[in-house]
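Novice: Handing you this structure, nothing more for now.
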Amino acid sequence: MHPALQSGNVAVITGGASGIGLAAAERLAGLGMKVCIADLPGAALEAALLKLHEAGAAPEHAMAVGVDVADRAQLEALAAQVVAQLGAVNVLMNNAGMQPGSSIFDAEGNWQRIIDVNMWGVIRSAQVFAPGMIASGAPGLIINTGSKQGITTPPGDPA
């Protein structure tokens, strides 16, 4: 197991309110890590925090923050809040992503939003969190998840 994945260490998971992100958050909480799930605000994010508590995370070791990863200022606020509440970040899992559909002609107007979330969200998250992770001197790990959609360019979603 990677040394960053130790009990008491801190993990931030974007796109953590559902799917792989939530499963990872539950697993890391089960290892005794302090976990912050970051996702768009709403009922799914609130329910995900309850699931972390059910997975064994103490209330003071789990938090959920509504954030849009496409917005660097929100990511910077997230980083500051996590450090203040849980401590220095050891694990960043860039898992936020979206697939609303798109066309080559961008009639839906989705291309910019898709690229802002799926690409720039990963880049900006790493830019915001990595310096603090390095400065802490503790073991750290950045995990970037992706989808086969980004490799296969399926019909109906070239973005």
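Novice: Just to be sure I understand the model, the point goes 7 Å from the Cα along the line to the Cβ. What's the resulting R113 to I134 distance in nm?
Specialist: 3.4 nm
Novice: Right, here's the next one. How tilted is helix 72-85 with respect to the longest principal axis of the chain? Cα atoms for both, answer in degrees (0 to 90, nearest 10).
Specialist: Rounded to the nearest ten degrees, it is 20.
Novice: Still on this structure, I have one more. Summing -39500 (n - 2.57) over the DSSP H runs of n ≥ 4 in the chain and dividing by its residue number, what mean residue ellipticity at 222 nm do you reach, to the nearest 500 deg cm²/dmol? Spell out each step's value before the answer.
Specialist: Working: 6 runs with 63 residues, N = 159.
Result for the chain: -12000 deg cm²/dmol, rounded to the nearest 500.
Novice: Applying 1/(1 + (r/R0)^6) with R0 = 25 Å to the Cβ-Cβ distance of M1 and D71, what FRET efficiency is obtained, to the nearest 0.05?
Specialist: Computed FRET efficiency for M1 and D71 comes out at 0.15.
Novice: Still on this structure, please answer the following. Counting only heavy atoms of protein chains, what accessible area per residue, in Å², does segment 94-144 have with a probe of 1.4 Å?
Specialist: Accessible area per residue: 56 Å².
Novice: Between 0 and 90 degrees, rounded to the nearest ten: what's the tilt of helix 19-30 against the longest Cα principal axis of the chain?
Specialist: It is inclined by approximately 10 degrees.
Novice: Ok, one more. Pairing the Cα long axis of helix 43-54 with the longest principal axis of the chain, what angle in degrees results, from 0 to 90 and rounded to the nearest 10?
Specialist: That works out to roughly 30 degrees.
Novice: Then there's this: Which GluC sites (Glu not before Pro) in segment 48-150 sit in a loop by DSSP (not H, G, I, E or B) and have at most 15 other Cβ atoms within 10 Å of their own Cβ?
Specialist: E108
Novice: Roughly how many debye, to the nearest 20, is the charge dipole of segment 1-135 about its Cα centre, given +1 on each Lys and Arg Cβ, -1 on each Asp and Glu Cβ, and no other charges?
Specialist: For this selection, approximately 340 debye.
Novice: Residues of segment 101-142 with the amide nitrogen closer than 17 Å to a label point 7 Å from the Cα of L40, along Cα-to-Cβ, please.
Specialist: Flagged as within label range: 101-102, 108-122.
Novice: Of L50, V67, V89, which is farthest on the positive side of the dipole of the chain, counting Cα position, with +1 on Lys and Arg Cβ, -1 on Asp and Glu Cβ, and the Cα centre as origin?
Specialist: V89
Novice: Then there's this: Using just the Cα positions, wrap segment 1-94 in a convex hull and report its mean projected area in square nanometres, one decimal place.
Specialist: Details: hull surface 21.0 nm².
Projected area, direction-averaged: 5.2 nm².
Novice: Turning to a different aspect of this structure: Provide the percentage of antiparallel DSSP beta bridges, counting only those with both residues in the chain; round to the nearest 5.
Specialist: 0 percent
Novice: Take the solvent-accessible surface of the protein heavy atoms, probe 1.4 Å, and return the percent of it on the chain that carbon and sulfur atoms account for.
Specialist: 59 percent
The values are calculated or read from the model by the stated rules, or taken from the named source; none is laboratory data. Fair warning: this is a prediction, and the values are worked out from it, not measured in the lab. Quick reminder, even Gly has a Cβ in these numbers, built from the backbone with ideal geometry, and neighbours come from all protein chains shown. Ligands, DNA and RNA are excluded from the accessible area calculation, which covers all protein heavy atoms including side chains. Shrake-Rupley method; radii C 1.70, N 1.55, O 1.52, S 1.80 Å.
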